[in-house]
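In what follows, a structure is listed as C-alpha cells, so that the remarks can point back to it.
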Amino acid sequence: METMTAILIGAGDRGARAYAPYALAYPNEVKIVGIAEPWKERRVRLQEKHNIPAEHCYESWEEVLGLEQKMADIAIICTLDRNHFKPTMKALELGYHVLLEKPMSPDPLECIAMEQAAKKYNRQLTICHVLRYTDFWSTIKKIIDRGDIGEIVSLQLNENVEYMHMSHSFVRGNWSNKEKSSPMILQKSCHDMDIISFLMGKECKRISSYGSLMHFKEENAPAGAPQRCLDGCPAELECPFHAGRYYLGEGKGWAKKFTEDCTNEGIIKALQKTPYGKCVYRSDNNVVDHQVVNMEFEGGATATFSMSAFTREQTRIVQIMGTKGEIRGNMEQNSISTFDFLTKHETIIHLDSPVGGHGGGDHGIMRTFLREIKLGRSEDGVSSTAASVRSHLMAFAAEDSRLNMGQSIAIDDYYQMLIKELNV
C-alpha cells in the first residue's frame, strides 16, 4: 500500500512520544512531513528524528493549516485540551483525516460540532481512546462477545491513578485546573467511560456521580511548608510528594515532561521555575482526587466506575459479572481470569508484554487508523466518532451530576438538549 503522509500539531508527550514513533517503526505505512509546535527544542528534536525539511516546521497550527494547499493526508492533533477544536475543524475543512488526542474538547457542543464536521467533509475523525486497541481490552471484549459469561448484569471498573502520577499530572501539571484544561472525569477518565461502553455493547441511559478534591488543598499543607518544595520544606522527609526527592530520584524519567535538560542541575532549575516544583498543597489545582460514577445501560445492566489518586500502582482493575460466569482482569499484570458457573472451571490468560504505551494501544490505534482510512471505513471501525461523542457525553453528564449532589441524568435527554443549543 502507498505510504501515507502526516503532519503533527503539538509535539508534547503524546504527540512526540506516543504517536510519532509509529512513523519511525513503520516508515512504509506513514511518514511525518510537517510539524507545528511552539516549543523550539521540541520542534527541532522532532524535525531531526523524522528528517522534516525546515520549511515544513511551524510554530503554530494556524501557519501549517493556513497554507493554500494541504501538506499531507493526515493531521495528528495533540495540543492541550482547550486547543483541540479550532485546528480540528480547520483540518477537516481542508480535507485532512484527523487523529485527535482525547478528550475531544472540554465543551460538549464542540464535541458534537466536530462529529458533524467529519460527516460533512467525509473525513475520518478518530479520537485516541487507545484502550480499545490493546490486547487486554480487546481480548475481554472477544470473551464477552463469544457468550462465555452469558449476558452482562453488572460491571465494575477501578482506575488506580497512583499517588505520584496524580501529583505530577493533575496537581502540578497541565491538567490540574479544570478551567485551564478539563474536569478529571473527562481528561483522565473519558478512556474509562469509553471502554465501559465498548464492553457493554449497549448505550448508557442514565448516570450519576459523586466525588471531590479531598486532600490536595491548602488546609492540608504541613506546618511551615513553603510555596516550593526546594525552598526548605520542614516536612521534606515525611511528605511522599516532595518534588526534589521524587524528580531527582525514582521519578527522574517524568522530569523529561517539563524540561529538556534532565541532568540534576537542569531538573533543579526547572523545579525552581515551573509548577512541578510547587508544594502539592499550594498549587492552583481544582480537579477531583477521587470520583465514583454509577451507570444504567439498555436492558437494565449496570456499571460502576471508581477513580482514585490514592493507590500504590497505576492500573485498571475490572470485574464483569454475567449470567453464566465472571471475568476479572488487571491491566498492569496483563492477566484475565474467566470463571464458568456451570463447570466451576477458571481459565487464566497471561498476555504477552505489550509494545508501546497504554498497553500497546498507542501503536494499535495508529495501525488501525491508517488501515481504516485506506479501506474507507469511518463509522464501522473499532471506534467511531459517534461512539466517542457518546462516551464524552457520559463524562460531561457525570461531572454535571457530581456538581449537583449526584442528580441522575438521562443521557438521551442530555444529548437532545445540547443539539438544540448547538442549532439555535
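Given (1) touching a helix residue (DSSP H, G or I) at 6+ places or on another chain (Cβ under 7 Å); (2) buried (at least 17 other Cβ atoms within 10 Å of the Cβ); (3) in a helix (DSSP H, G or I), identify the lone condition not met by I373.
(1) is the only condition that I373 fails.
Quick check on my filter: what residues within region 30-75 are among the aliphatic types (A, V, I, L, M) and either under 23 Å from the mean Cα position of the chain (by Cα) or not in a loop (DSSP other than H, G, I, E, B) (or both)? Let's see the steps before the verdict.
In the first step, residues of region 30-75 are kept if they are among the aliphatic types (A, V, I, L, M); the result is 30, 32-33, 35-36, 44, 46, 52, 54, 64-65, 67, 71-72, 74-75.
Answer for region 30-75, where residues must be among the aliphatic types (A, V, I, L, M) and either under 23 Å from the mean Cα position of the chain (by Cα) or not in a loop (DSSP other than H, G, I, E, B) (or both): V30, I32, V33, I35, A36, V44, L46, A54, V64, I74, A75.
What is the one condition in (1) touching a strand residue (DSSP E or B) at 6+ places or on another chain (Cβ under 6 Å); (2) over 25 Å from R328 (Cα atoms) that S154 does not satisfy?
Failed condition: (2).
Identify, please: which residue in region 287-333 is surrounded by fewer than 16 Cβ atoms within 10 Å (Cβ to Cβ) and of a type in the set (S, T, N, Q) and is, among those, nearest to the chain's Cα centre (by Cα)?
Result: Q314.
What about T88, is it surrounded by fewer than 18 Cβ atoms within 10 Å (Cβ to Cβ) and either outside any loop (DSSP other than H, G, I, E, B) or outside the structural domain of F170 (by TED's automatic domain parsing) (or both)?
Working: surrounded by fewer than 18 Cβ atoms within 10 Å (Cβ to Cβ): no; either outside any loop (DSSP other than H, G, I, E, B) or outside the structural domain of F170 (by TED's automatic domain parsing) (or both): yes.
Judged against the criteria, T88 is not a match.
For (1) in a strand (DSSP E or B); (2) touching a helix residue (DSSP H, G or I) at 6+ places or on another chain (Cβ under 7 Å); (3) more than 21 Å from V161 (Cα to Cα), each residue gets a yes or a no:
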| residue | (1), (2), (3) |
| --- | --- |
| Y246 | no, yes, no |
| A255 | no, yes, no |
| A303 | yes, yes, no |
| R316 | yes, no, no |
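Whether any residue in region 53-71 is on the phi > 0 side of the Ramachandran plot and either in contact with a strand residue (DSSP E or B) (Cβ under 8 Å, 6 or more places away or on another chain) or in the same structural domain as P87 (by TED's automatic domain parsing) (or both) is what I want to check.
As a first pass, look at region 53-71 and keep what is on the phi > 0 side of the Ramachandran plot: none.
No, because not a single residue in region 53-71 is on the phi > 0 side of the Ramachandran plot and either in contact with a strand residue (DSSP E or B) (Cβ under 8 Å, 6 or more places away or on another chain) or in the same structural domain as P87 (by TED's automatic domain parsing) (or both).
When the residues of region 93-109 are filtered to those that are farther than 19 Å from I32 by Cβ and buried (at least 19 other Cβ atoms within 10 Å of the Cβ), which remaining residue is farthest from the chain's Cα centre (by Cα)? Step through it out loud before you land on a result.
As a first pass, look at region 93-109 and keep what is farther than 19 Å from I32 by Cβ: 93, 102-109.
With buried (at least 19 other Cβ atoms within 10 Å of the Cβ) added as a condition, the list becomes 102-106, 108.
Values: K102: 5, P103: 6, M104: 10, S105: 12, P106: 13, P108: 16 Å.
Restricting to residues being farther than 19 Å from I32 by Cβ and buried (at least 19 other Cβ atoms within 10 Å of the Cβ), the top hit is P108.
In region 39-53, what residues are exposed (fewer than 15 other Cβ atoms within 10 Å of the Cβ) and modelled with pLDDT under 95?
W39, K40, E41 - these are the residues of region 39-53 that are exposed (fewer than 15 other Cβ atoms within 10 Å of the Cβ) and modelled with pLDDT under 95.
Only one of A398, A387 is aliphatic (A, V, I, L, M), over 23 Å from N160 (Cβ atoms), in the same structural domain as E203 (by TED's automatic domain parsing) and surrounded by 19 or more Cβ atoms within 10 Å (Cβ to Cβ). Can you tell me which?
Working: A398 fails: over 23 Å from N160 (Cβ atoms).
Unique residue meeting the criteria: A387.
Go through (1) more than 20 Å from K31 (Cα to Cα); (2) out of contact with any strand residue (DSSP E or B) (no Cβ under 8 Å at 6 or more places or on another chain); (3) of a type in the set (S, T, N, Q) and name the single condition T139 misses.
(2)
Take P226 and tell me if it is more than 30 Å from S383 (Cα to Cα) and without any contact (Cβ under 8 Å) to a residue 40 or more places away in the chain. So that I can check it myself, show each step before the final result.
Details: more than 30 Å from S383 (Cα to Cα): yes; without any contact (Cβ under 8 Å) to a residue 40 or more places away in the chain: no.
Judged against the criteria, P226 is not a match.
Answer yes if at least one residue in region 203-212 is out of contact with any Phe, Trp or Tyr (no Cβ under 8 Å at 6 or more places or on another chain), of a type in the set (F, W, Y) and either surrounded by 24 or more Cβ atoms within 10 Å (Cβ to Cβ) or outside any helix (DSSP H, G or I) (or both), and no otherwise. Spell out how you get there, then give the answer.
Taking region 203-212 and keeping what is out of contact with any Phe, Trp or Tyr (no Cβ under 8 Å at 6 or more places or on another chain), we get 206-212.
Filter again for of a type in the set (F, W, Y), leaving 210.
From the residues that got through so far, the ones that are either surrounded by 24 or more Cβ atoms within 10 Å (Cβ to Cβ) or outside any helix (DSSP H, G or I) (or both) too are 210.
Within region 203-212, one or more residues are out of contact with any Phe, Trp or Tyr (no Cβ under 8 Å at 6 or more places or on another chain), of a type in the set (F, W, Y) and either surrounded by 24 or more Cβ atoms within 10 Å (Cβ to Cβ) or outside any helix (DSSP H, G or I) (or both).
The values are calculated or read from the model by the stated rules, or taken from the named source; none is laboratory data. Treat the numbers as computed from the prediction; the structure is a model and nothing was measured. With ideal geometry, Cβ positions are generated from the backbone for all residues, glycine too; neighbour counts draw on all protein chains shown.
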